[in-house]
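Engineer: Submitted below is the structure of interest, expressed as structure tokens.
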Amino acid sequence: MANYYIPARYLMEKIVDAEIIESPFITSKTIEIGNKYSPEFVCTPFKYTLGTLIESLDMGANVLIQFGGGCRYGYYSELQKQILKDLGYKFELYNLVTAGKTDIKRIYKIIKKIDRKFNTFKGLYYIFITYKMVKYMDKIDDYIRQNIGFEVEKNSFTNLLNEMLKKFKSVNNPISLSILYHKYFKKFKKLKTNKPKNCLKVGVIGELYTLQEPFSNYYLEKELASFNIEIKRFTNVNYLLFSNKKTTNKALKKTKKYMKYKMGADASSNVYWTKYLAENKYDGIIHIKSSFCTPEIGVMPILDKVANDYNIPIIYFSFDANTSEVGIKTRIEAFYDMIEMRRK
Amino acid sequence: MNCYLGVDIGSISTKGVIIDDDNNIITSAYIWTEGNPVNAVKKLIEILKKDLDSRHVIKGIGTTGSARKLIGLLLNANIVKNEIMAHAIGTLSLYPDVKTILEIGGQDSKIILLNNGIITDYAMNTLCAAGTGSFLSSQAKRLSINIEDFGPLALKSTNPVKIAARCTVFAESDLIHKAQVGYKKEDIVAGLCKSIVLNYLNNVGKGKKIKSPVIFQGGVSKNVGVLKYFKEILNTDVIVDPNSHLMGALGIAILTKKNKTNRVYDLNIQNIEFSTKAIECKGCSNNCEILRIYKDNKLVDSWGNRCDKYIKN
């Protein structure tokens, strides 16, 4: 999922003694394979991850690690395990999340199984570094999203990000990681932009996988940036792992007018974020999800109500393996025209 | 006299409008696209040219509709814009206080909400063709009725049949069933018109507040049966402009006027050879289909690449 393979690989490489196989970048081939072996009406992340698992197995992997829960996704690894076994692959698959919860004891046992010589102290040390790395990456990403639409030199942000991530791969202690992060943050701030003070601002919310994997949302953020728009996105790994519960509780408190009970996955957070974006004078909201995503379908009428109360435009996209790219481009272009017209 | 050309190339029909500086329509044309936008536009230009003389100077060309990018290249357009914007601008020029635009075209349908002349919300149908013109025309063929007679026939019905219109495939099998049990043709046709309206409101219009004045346009707006059920179900007056099918072309012509440069445009495109070749980029397993557009055998543009690995040459 996006650049998160870097910290994931980093952690596994440091704590277990095994050969790590990096799954290839998602391409049309991935989704083609995933589509072929998935039930038709399952949501798209299932198809993407199944495709990726098959590609990894073909590259010689024999232990697969999945990380998912919160909605139907929690059952995915079981079903995927069965599909892959039926296809004749030999492997072990571990889902680090069980029944929607991250059980540390269970994860410890899994790691012990993969590598018997696993050192707990060393493990905790590198978990801490990885945690920091994800946090820093998300912060940098936030800054990039705000500014990449205004870069003067083409690709300057992406190039600098790749340079930073390359350096991140070889850090060995939290201090050097922190120094690197601060150094690169300064470099990012020095990159030339021509951002006007009152630029158009759009918030992107919705279902977690589709939001974070650019291939699955047809590079929506890139498309938005090409219209010189500042982008705000709340969902990232840092949110999913560490501030999910807090945000949901906050959401229930702050949006009492719109919902009484907690909704599945990130639906409650999305209501809260919509309100936040509206109150902070954003020009528009884009809600994206994979087709058939139940929690996000459930939240759409509520978002409509919030958007109506605050008079902020919101559009919805459902992405599937067979979505037409042209249709998406037309809608984004029209959305841009609309928010620009509203400004005037 | 300065004039401006707007071309709207849809999936089913191609529309062209030439306006003067005061947005008056000098001439217009409406022809079938027949799956070949380049030829259709060549034909369209010939028709439009008949009403022009040496006094008229084309100062701008704009394109919209699903083939806007390709035709924009062919005509050297100074503006290429999406249909939503074009329809809104076109309608606003005739009805400045419009609040809702219902548009049903050949292949897609949309709803545009406006307030004080500004687009505040819009939606386009996403996955389904059940509420569009192509479905109506295919069903007209199945019942061997001329599409022009479809609306008037529907008005004759006093008892429209209920048709499961969630999806074209189910709608068609339901339709066959209704015909086989002996329903009258006009009742079936009326049921179809009603189903188009219900499907539109449940799909594209879901959650949207439809306020009057309501304008209905796009090819399907010519169908008086559909119009009748829109009025009945929305319980409000629905306006159909005599030029409702030309709104997109008119809108893009106005946008062209606003963005005019001092260039003078030539409409002699008959002999321009225009072709598209698709190649598959082998840079990675994405296998992007790259469209290369040739004008007189010279590469003028290419698109379809996801990354920069593919270099234009």
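Since every read-out is calculated from the coordinates, none of them should be taken as a lab result. Note that this is a predicted model, so its numbers are computed, not measured. Please note: Cβ atoms are built from the backbone with ideal geometry, for glycine as well, and neighbour counts cover all protein chains shown.
Engineer: Using only the alpha carbons, work out the radius of gyration and Dmax of region B:19-137 in angstrom.
Structural biologist: Both quantities, over Cα of region B:19-137: 15.9, 47 Å.
Engineer: Measure up B:Lys81/B:Lys209; A:Lys305/B:Lys211; A:Lys329/B:Lys42; A:Lys329/B:Lys298; A:Lys29/B:Lys282; A:Lys232/A:Lys257 against 19 Å on the Cα-Cα distance and list the ones that go over.
Structural biologist: Numbers: B:Lys81/B:Lys209 26 Å; A:Lys305/B:Lys211 17 Å; A:Lys329/B:Lys42 27 Å; A:Lys329/B:Lys298 27 Å; A:Lys29/B:Lys282 12 Å; A:Lys232/A:Lys257 24 Å.
The pairs that break the limit, which is 19 Å between Cα atoms, are B:Lys81/B:Lys209; A:Lys329/B:Lys42; A:Lys329/B:Lys298; A:Lys232/A:Lys257.
Engineer: Under a Cβ-only charge scheme (Lys and Arg +1, Asp and Glu -1), can you give me the dipole magnitude of chain B about the Cα centre, in debye to the nearest 20?
Structural biologist: In debye, rounded to 20, chain B gives about 540.
Engineer: To continue, here is another question. Given bins 5 angstrom wide, list per bin the percent of all Cα-Cα distances in region B:123-244, short to long.
Structural biologist: Spelled out bin by bin, region B:123-244 gives 2, 12, 22, 26, 20, 12, 5, 1, 0 percent.
Engineer: Net charge around A:Glu32, counting only other residues with Cβ within less than 12 Å of its Cβ (Lys, Arg = +1; Asp, Glu = -1)?
Structural biologist: +2
Engineer: Charges only on Cβ, +1 for Lys and Arg, -1 for Asp and Glu: so what's the dipole of region B:97-240 about the Cα centre, in debye to the nearest 20?
Structural biologist: Details: 18 positive and 12 negative charges, 54 e Å.
Computed charge dipole of region B:97-240: roughly 260 debye.
Engineer: What's the percent breakdown of Cα-Cα distances in the protein assembly as shown across 20 Å bins, shortest bin first?
Structural biologist: Calculated over all Cα pairs of the protein assembly as shown, the distribution is 16, 46, 31, 7, 0 percent.
Engineer: Give the Cα extents of region A:197-344 along the principal axes, in whole Å, largest first.
Structural biologist: 37, 36, 26
Engineer: With the convex hull built on the Cα atoms of chain A, state its orientation-averaged projected area in nm².
Structural biologist: On the way: hull surface 71.3 nm².
One quarter of the hull surface, i.e. the mean projection, equals 17.8 nm².
Engineer: For the residues A:Arg342, B:Arg263, what sequence is obtained by ranking on other C-beta atoms within 10 Å, fewest first?
Structural biologist: Arranged by neighbour count, lowest to highest, A:Arg342, B:Arg263 become B:Arg263, A:Arg342.
Engineer: Students often forget the sequence filter, so: which aspartates and glutamates lie under 15 Å Cα-Cα from B:Lys309 once same-chain residues fewer than 8 apart are removed?
Structural biologist: Output for B:Lys309: B:Glu280, B:Glu289.
Engineer: Next question. Once the principal axes of the Cα atoms of region A:122-195 are found, what is the range along each, listed largest first in whole angstroms?
Structural biologist: 45, 17, 15
Engineer: Neighbour counts of other C-beta atoms within 10 Å: give me A:Val271, B:Val38 arranged from fewest to most.
Structural biologist: B:Val38, A:Val271
Engineer: Also, quick follow-up: Given 5 Å bins starting at zero, what is the percent of C-alpha pairs of region A:1-134 in each, up to the one with the largest pair distance?
Structural biologist: In order of increasing distance, the bins hold 2, 10, 18, 23, 22, 15, 8, 3, 0 percent.
Engineer: Taking a threshold of 19 Å on the Cα-Cα distance, which of the pairs A:Lys275/A:Lys344; A:Lys222/A:Lys289; B:Lys208/B:Lys258; A:Lys132/A:Lys195 fall above it?
Structural biologist: Exceeds cut-off: A:Lys275/A:Lys344; B:Lys208/B:Lys258; A:Lys132/A:Lys195.
Engineer: Still on this structure: Can you tell me the orientation of helix B:83-94 relative to chain B, as the angle in degrees between its alpha-carbon axis and the longest Cα principal axis, to the nearest 10?
Structural biologist: Approximately 80 degrees, to the nearest ten.
Engineer: In straight Cα distance, which aspartates and glutamates are under 12 Å from A:Lys197, not counting same-chain residues fewer than 8 positions off?
Structural biologist: Within reach: A:Glu230.
Engineer: State, in angstrom, two size descriptors of chain B derived from its alpha carbons: Rg to one decimal place and Dmax to the nearest whole number.
Structural biologist: Rg, Dmax (Cα atoms, Å): 21.1, 65.
Engineer: Sticking with this structure for a sec: Can you list the lysines whose alpha carbon sits under 16 Å from that of A:Lys186, skipping same-chain ones fewer than 8 residues off?
Structural biologist: Output for A:Lys186: A:Lys139, A:Lys167.
Engineer: Then there's this: Of the peptides B:243-256, A:4-17, B:180-193, how do they stack up when ordered by the mean number of other Cβ atoms within 10 Å, highest first? Intermediate results must be reported in sequence, preceding the final value.
Structural biologist: On the way: B:243-256: 26.5, A:4-17: 17.1, B:180-193: 18.8.
Going from most to least packed, we get B:243-256, B:180-193, A:4-17.
Engineer: Among A:Glu40, A:Glu325, what is the fewest-to-most ranking by other Cβ atoms within 10 Å? Intermediate results must be reported in sequence, preceding the final value.
Structural biologist: On the way: A:Glu40 8, A:Glu325 12.
Ranked by crowding around the Cβ, least crowded first: A:Glu40, A:Glu325.
Engineer: While we're on this one: Mind ranking B:234-242, A:207-215, B:57-65 by how tightly packed they are, going by the mean number of other C-beta atoms within 10 angstrom, highest first?
Structural biologist: So the order, starting with the most tightly packed, is B:57-65, A:207-215, B:234-242.
Engineer: Let me ask something else about it. Dipole of region A:17-117, Cα-centred, from +1 at each Lys and Arg C-beta and -1 at each Asp and Glu C-beta, to the nearest 20 debye?
Structural biologist: In debye, rounded to 20, region A:17-117 gives about 500.
Engineer: Can you give me the angle between helix B:168-180 and the longest principal axis of chain B, using Cα atoms only, in degrees from 0 to 90, rounded to the nearest 10?
Structural biologist: Approximately 40 degrees, to the nearest 10.
Engineer: Then there is this: I want to verify the translational diffusion coefficient of region A:150-261 in µm²/s; compute it with Stokes-Einstein, Rh as the Kirkwood radius over Cα pairs, at 25 °C and 0.890 mPa s.
Structural biologist: For these conditions, the coefficient is 145 µm²/s.
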